[in-house]
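Take a look at the structure below.
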Amino acid sequence: MKLPVHIQFHGMEPSGALQVSAREHVNKLERLASDIVACRVVIGVEQKHQHQGRPYSVRVDLSVPGHELVVNKVQNEDVYVAMRDAFDSMRRQLESLVERRRGEEKTHPVPLHGEIVRIDGASGFGFIRTPDGSEYYFSRDNIVSTPFEHMRTGAAVQFVPDTAGEGRQAKRVSLGKHAMG
């Protein structure tokens, strides 16, 4: 890290043990992203609630080039639990940022459009043909939002293509007014 970790205490005495714990958490974050520019941790005691003790709050501000990540006011009656939860949340944010930087964002499959060409109601399966002539198998378990019994030959559907051991398969088949490209 380019700057030292800045740790502040609000409404409580500074604690060497908490400072060590906070620095250990920051060191773990540095393993995910070595370009962390600055980190600020604020540990404090919140106002007393009627039905519970005095909760501690932890705030973590992290700076990496081009981004400011913040975890605000994670609370717990145990200061170490509040700190753990705050840094876990920061870790998730940092992992997401690192994945976006690497271009590893989760991609969703592109749905295809087709038409039911054959259906076997007794056995609970059928076939969908796409505009390019490919056929995909589907079963009653692959249908969403509509009972299998409402599926008819000629019906327009949208689905997510998949390849199984037996060949092309349609997943998440939905019935409706879907345009066939």
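The values are calculated or read from the model by the stated rules, or taken from the named source; none is laboratory data. It should be emphasised that the depicted structure is a prediction, and the values quoted were computed from it without experimental measurement. Positions of Cβ are backbone-derived with ideal geometry, glycine not excepted, and every protein chain shown enters the neighbour counts. Accessible surface is based on the protein model in full, side chains and every heavy atom, while ligands, DNA and RNA are left aside. Shrake-Rupley method; radii C 1.70, N 1.55, O 1.52, S 1.80 Å.
Annotations for the structure displayed:
- Within the range 2-27, the set of residues being open to solvent by 60 Å² or more (accessible area, probe 1.4 Å) and without any contact (Cβ under 8 Å) to a residue 12 or more places away in the chain comprises Pro4, Glu13, Pro14, Val20, Glu24, Asn27.
- Going through (1) in a strand (DSSP E or B); (2) closer than 15 Å to Met90 by Cβ one by one, Gln8 falls short only on (2).
- Applying the criterion of being of a type in the set (Gly, Ala, Ser) and part of a strand (DSSP E or B) to the residues of the range 86-132, the residue that is farthest from Gln75 (Cα to Cα) is Gly126.
Residues checked against (1) open to solvent by less than 20 Å² (accessible area, probe 1.4 Å); (2) under 18 Å from His6 (Cβ atoms):
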| position | (1), (2) |
| --- | --- |
| Ser34 | no, no |
| Arg40 | no, yes |
| Gly53 | no, no |
| Arg59 | no, yes |
| Asn76 | no, no |
| Leu97 | yes, no |
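- Pro111 being without any contact (Cβ under 8 Å) to a residue 60 or more places away in the chain and open to solvent by 30 Å² or more (accessible area, probe 1.4 Å): no
- The range 133-181, residues that are hydroxyl-bearing (Ser, Thr, Tyr), at pLDDT below 90 and in a strand (DSSP E or B): Thr163
- Candidates Val37, Val5, Val42, filtered to the one that is out of contact with any Asp or Glu (no Cβ under 6 Å at 6 or more places or on another chain) and at pLDDT 95 or above: Val42
- Condition check for Arg168: open to solvent by 100 Å² or more (accessible area, probe 1.4 Å), touching a Phe, Trp or Tyr at 6+ places or on another chain (Cβ under 6 Å) and more than 30 Å from His10 (Cβ to Cβ): yes
- Residues satisfying the stated conditions in the range 78-95, i.e. in contact (Cβ under 8 Å) with a residue 60 or more places away in the chain, open to solvent by less than 50 Å² (accessible area, probe 1.4 Å) and under 19 Å from the mean Cα position of the chain (by Cα): Phe87, Met90, Leu94
- Pair list, Cβ under 6 Å, 6 or more apart: the range 50-69 residue on the phi < 0 side of the Ramachandran plot and of a type in the set (Gly, Ala, Ser), other residue open to solvent by less than 70 Å² (accessible area, probe 1.4 Å) and modelled with pLDDT of 90 or more: Ser57/Gly44; Ser63/Val37; Ser63/Ala38
- Among (1) loosely packed, with under 13 Cβ neighbours inside 10 Å; (2) in contact with a helix residue (DSSP H, G or I) (Cβ under 8 Å, 6 or more places away or on another chain); (3) of a type outside the set (A, V, I, L, M), the one test that Gly66 misses: (2)
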